[in-house]
Amino acid sequence: MPKIILLLFLLMGFQVPHALATEIPPCPFNPQTGRTIVNFTIGGHIATLEEAAIVSDTQNYPTFTYRKNSLPATLSAGVYNITLFGVDLGIDRASLVTEPNERWFVILSNGSNEVVRTNPTDDLQDGVNTATQEKVVNTSLDLLLDIDSFVAYHAQYPDTSSPNSLFPICAAFDLIPPPPPPPPAIPPVQDNSVDGDVNIATPPVQDHAVEGASVIDMPPTQDNVYANAISNPTPPVQDNVVSGGVGGGGGPPPPPPPIIDNSISGGSGYVVPPVLAAPPPVIVYTPIFPDAGIHRRGGEKEKNTLWNLPYLINKE
């Protein structure tokens, strides 16, 4: 059972009866990853008020102080959420004078240089024997320097309207992990699209498309198509494609052997080997009648007999 000590004291000629329950509650913060806890007052029994309490009015209460002694501790630079825990208590606290400004904050320093002050807590509740408060005073506080000392400081000093006594117990500094690094950059790829087209990056190929058209790259073939037609791959022949067609990629074909294109305008474009036109043969039959085959040669007559077979002649 906690030991209760009743203390009566006189302060600067003012008789202020204050029956104190000297069992100070412990710090409620539990250790966890990324958390630094700074204890300003160790929970448990205390001998005197001056040992742990701070006040705003040191003029009327000169045996008290408005701040705790500097407490050495280490806090690395980073972004933190900060929570403070404080208390005021006494057996007869509920019947004592109102203390409207029981608030405090923490000063963080690097060496002899003050780095930052936390925001203050809210006022502790009056009219109760024990008033505690756990308050998140800062979110995402960015510490640019490492911290090596902490001071609990009364937020209303030097207010003399009331003692505003309180016990700063502890502070928790919770590190906010930095965001993950961005993903690595994607290596650049060749974009083979033309105006307005959506291109899926592929290994570089030769693009034979024209504006607004899609192209399928294939092994080099002769293109014998007309406008807006698609050609099937064939062995290399003369290319009779007209402007605007879609051709097979792969680079220029080797020179074809010369041939003659016998297609006409608007035709299919297929070509055939050249064919030379030959005149029809003239057949002459020799009559078998007497004297029908007489020819003059050298001024003499030459006569075919009736039993001569017909034969082809081509004489003048």
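Would you say Asp122 is assigned to a loop (DSSP other than H, G, I, E, B), of a type in the set (Asp, Glu) and crowded, with 16+ Cβ neighbours inside 10 Å?
No.
Condition first: of a type in the set (Phe, Trp, Tyr) and touching a Leu at 6+ places or on another chain (Cβ under 8 Å). Now tell me which residues in the range 122-166 satisfy that.
Phe150
Report yes if Ile147 is under 19 Å from Phe29 (Cβ atoms), aliphatic (A, V, I, L, M), more than 36 Å from the chain's Cα centre (by Cα) and buried (at least 20 other Cβ atoms within 10 Å of the Cβ), otherwise no.
So Ile147 does not fit the description; no.
Which of the following residues is open to solvent by 10 Å² or more (accessible area, probe 1.4 Å), under 26 Å from Gly34 (Cα atoms) and acidic (Asp, Glu): Glu51, Glu114, Glu99?
The conditions single out Glu114.
Leu108: out of contact with any Gly (no Cβ under 6 Å at 6 or more places or on another chain), under 24 Å from Asp174 (Cβ atoms) and not in a strand (DSSP E or B), yes or no?
No: the conditions fail for Leu108.
The values are calculated or read from the model by the stated rules, or taken from the named source; none is laboratory data. The structure presented is a predicted model; accordingly, all values stated were derived computationally and were not measured. In this analysis, Cβ positions are derived from the backbone assuming ideal geometry, glycine residues included, and neighbour counts consider all displayed protein chains. The area values use the complete protein model at the heavy-atom level, side chains included, leaving out ligands, DNA and RNA. Shrake-Rupley method; radii C 1.70, N 1.55, O 1.52, S 1.80 Å.
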